Amino acid sequence: LLWATNHKLRPALRRGENILMDKYFFNVASHIPDVDTALNRALIKIFKPLMIEPNLIVYFRVSMEERLRRLKNGPYNKFHELLISNPGWARQREEKYAHIVALSGVNVKYLDTTDKSETEVAEELKAIINSCLSNGGGNNG
């Protein structure tokens, strides 16, 4: 993550490029088994300043029933099997992610994807991104 930040992201931002990314610091931080331990809070505190703060986070939401259906119907993944067997873990991770993002103060837009086609979600995402860019929320270099 640090290598990508310093060797890919920062140079692109210096060139004036806008970057769309799937998964960055907040996503990785929410994978830490327990965000609320002293050690993990210290790790987040140490590494967060080294990361680029995004202008916008788009958080894709889906009902738990839909999430489990998608996990069951997707390609086999050992981690997905654990979430299917323990839906409470998925809820817990979502809560941790929301907590970390809320503490960051970053602009967050929520996009509910439940019962929506890929085309509908893409159109909503496009509108969110265009709104951010038109309001000066682009390049954070």
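Under the condition of being touching a strand residue (DSSP E or B) at 6+ places or on another chain (Cβ under 8 Å) and open to solvent by 70 Å² or more (accessible area, probe 1.4 Å), the residues counted in the range 111-120 number 1.
Only one residue in Glu123, Glu94 is of a type in the set (Asp, Glu), part of a helix (DSSP H, G or I) and open to solvent by less than 70 Å² (accessible area, probe 1.4 Å). Which one?
Exactly one of Glu123, Glu94 is of a type in the set (Asp, Glu), part of a helix (DSSP H, G or I) and open to solvent by less than 70 Å² (accessible area, probe 1.4 Å), namely Glu94.
Do we find a residue being under 25 Å from Ser134 (Cβ atoms), part of a helix (DSSP H, G or I) and at pLDDT 80 or above anywhere in the range 14-36? Yes, some residue in the range 14-36 is under 25 Å from Ser134 (Cβ atoms), part of a helix (DSSP H, G or I) and at pLDDT 80 or above. Here Ser63 clears all of (1) open to solvent by 50 Å² or more (accessible area, probe 1.4 Å); (2) at pLDDT 90 or above except the condition numbered (1). Inspect the range 97-110 for any residue being loosely packed, with under 13 Cβ neighbours inside 10 Å and at pLDDT 85 or above and give the result as yes or no. Yes; the residues of the range 97-110 include at least one that is loosely packed, with under 13 Cβ neighbours inside 10 Å and at pLDDT 85 or above.
So that you can scan it fast, the table gives a plain yes or no per residue for (1) more than 17 Å from the chain's Cα centre (by Cα); (2) within 18 Å of Met21 (Cα to Cα); (3) assigned to a helix (DSSP H, G or I):
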position: Arg41; (1), (2), (3): yes, no, yes
position: Ile44; (1), (2), (3): no, no, yes
position: Leu82; (1), (2), (3): yes, no, yes
position: Val106; (1), (2), (3): no, yes, no
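Whenever a residue of the range 41-54 is among the charged types (D, E, K, R), its partners that are surrounded by 13 or more Cβ atoms within 10 Å (Cβ to Cβ) and not in a helix (DSSP H, G or I), lying with C-beta atoms within less than 7 angstrom and at least six residues away or across chains, give the pairs Glu53/Val106; Glu53/Asn140. Among the residues of the range 81-91, just one is of a type in the set (A, V, I, L, M) and open to solvent by 50 Å² or more (accessible area, probe 1.4 Å), namely Leu82. Residue pairs whose Cβ atoms lie under 7 Å apart, separated by 6 or more positions or on different chains, with the first residue in the range 1-13 and part of a helix (DSSP H, G or I) and the second surrounded by 11 or more Cβ atoms within 10 Å (Cβ to Cβ) and not aliphatic (A, V, I, L, M), are Leu13/Asn139; Leu13/Asn140; Leu13/Gly141.
The values are calculated or read from the model by the stated rules, or taken from the named source; none is laboratory data. Quick caveat, the model's predicted, so the values are computed rather than measured. Using ideal geometry, Cβ is built from the backbone for each residue, glycine included, and neighbour counts are taken over all protein chains shown. Just so you know, the surface numbers come from the protein's heavy atoms only, side chains and all, with ligands and any DNA or RNA stripped out. Shrake-Rupley method; radii C 1.70, N 1.55, O 1.52, S 1.80 Å.
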